[in-house]
Amino acid sequence: MIRRYLPKSTEELIHWYERYISPLSLVAGFLADNYILLRRVDLWQSNALLLTYLVVAALGIVCINIIESGRWQKRWVLAVAPFIPVVVQFAFGGLFSGFLSLYSRSAAFAASWIFVLVIAGLLLGNERFRKQYVKFSVQMSVYFMVLFSYLIFFLPVVFKKIGPGMFVVSGLLSVAVIALFLMLLRRIVPEIVKRDMTTVARSIAAIFITINALYFLNAIPPLPLSLKEAGVYHMITKTGSEYRLSAEPVPWYKTYLSYNTVFHRAPGESAYAYSAIFAPSGLTTVILHQWQRYDTKTKRWVTTDTLRFAINGGRDGGYRGYSIKSGLSPGAWRVNVLTQYGGLIGRIAFSVADAPIAVPLTEVVK
């Protein structure tokens, strides 16, 4: 009677419980990454966690292929073998979860939705891919994807620089690391590497080209920069280390919404665009505020002003700054918060409506 409730093998044990463990670990892992473990890309704890996942995935790949080649035939090795793809799956899931947390916080979804959705799709699909992780070509393709995605923001944190140059270095280093990994595996399991080398090379080349295309089309979030807070205000003054922002009072629930903001402009009044941008400690760069008005005749956004200022990294709440725009006409407006290379960090969308007199304001201190 008791035997009915006991698994006959480790494979049966995994089969019984993976339908419950996988969804729960997905949700728990994402919440832990988003709110506890991966708060900042420049913290050593965050990078130690991601590097641990990379090392665990690499070791799992080595073990899977040694067992497949028949070089490990001991009974205890064969007993634990079914768990190894699960460990690789867990490591890849942790990386995808971490990347989704970091990249989605950095992204203006309007520009970076493709890359963010790819990461989200890989995270969700990871729960169904355990059986695929025994395939060498799948292992190496996914590993190259997570390695490249990590180095994109890790190298700027290390070298305190951002831009196309650092991205190119990230790509070249990713290719070099995966090449060294393949050389190691060729020494250990030459028959497997030789069998799948063409497929692996084509997959890696396709991933490399795709990520490069997305980057130079500004479709990859500009990590390690991220927009912590932004908005449009009637007046901004700086007193010491405090920014005092004069805003139109809104119901409490609208403070969480960044759309449909109406700026009631009194005669002669200017608008102030405020942004707080997180950058890693030691990184200094230039940020642009690009003011655009929607032309209802041409159905296009027209740039009216582009204002720039330097930011310094390290502040947890982000480096604060603002730009001023006078002579706003009624209609739809937006301020694109950009890197100096054109990458979209965030966007402030609002509409301007003329008001005969100044509207009541409330002061917010940042």
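Take each of the peptides 52-63, 223-234, average the number of other beta-carbon atoms within 10 Å over its residues, and list them starting from the highest.
By packing density, highest mean first, the sequence is 223-234, 52-63.
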In order over segment 191-199: 3J(HN,Hα) from phi, Karplus 6.51/-1.76/1.60, θ = phi - 60°, whole Hz, x for each Gly or Pro, gives 5, 6, 5, 5, 5, 10, 4, 4, 5
Sorted on mean Cβ neighbours within 10 Å (highest first), peptides 212-220, 65-73 come out as 212-220, 65-73
Expected sort for W76, W301 with the fewest Cβ neighbours (10 Å cutoff) up front is W76, W301
Of all C-alpha pairs within segment 137-249, those more than 16 angstrom apart amount in percent to 68 percent
The exposure ranking of D196, D316, D354, fewest beta-carbon neighbours within 10 Å first, is D316, D354, D196
Residues whose built amide H sits under 5 Å from the amide H of G346, excluding neighbours closer than 5 in sequence, are V337
Correct semi-axes for segment 188-234, from √(5λ) of the alpha-carbon gyration tensor and rounded to whole Å with the largest first, are 42, 13, 5
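Exposure proxy check: F208, F159, F136 ranked by fewest other beta carbons within 10 Å?
Ranked by crowding around the Cβ, least crowded first: F159, F208, F136.
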The convex hull of the Cα atoms of segment 226-365, divided by residue count, gives a volume in Å³ per residue of 116 Å³
From the Cα centre of segment 316-366 to that of segment 52-78, the distance in Å is 54 Å
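Quick note: the coordinates plus some simple rules give every number you see, no bench work behind them. For clarity, every value in this text was computed on a predicted model and none was experimentally measured. Ideal geometry is used to build each Cβ from the backbone, glycine not excepted, and the neighbour counts take in all protein chains shown.
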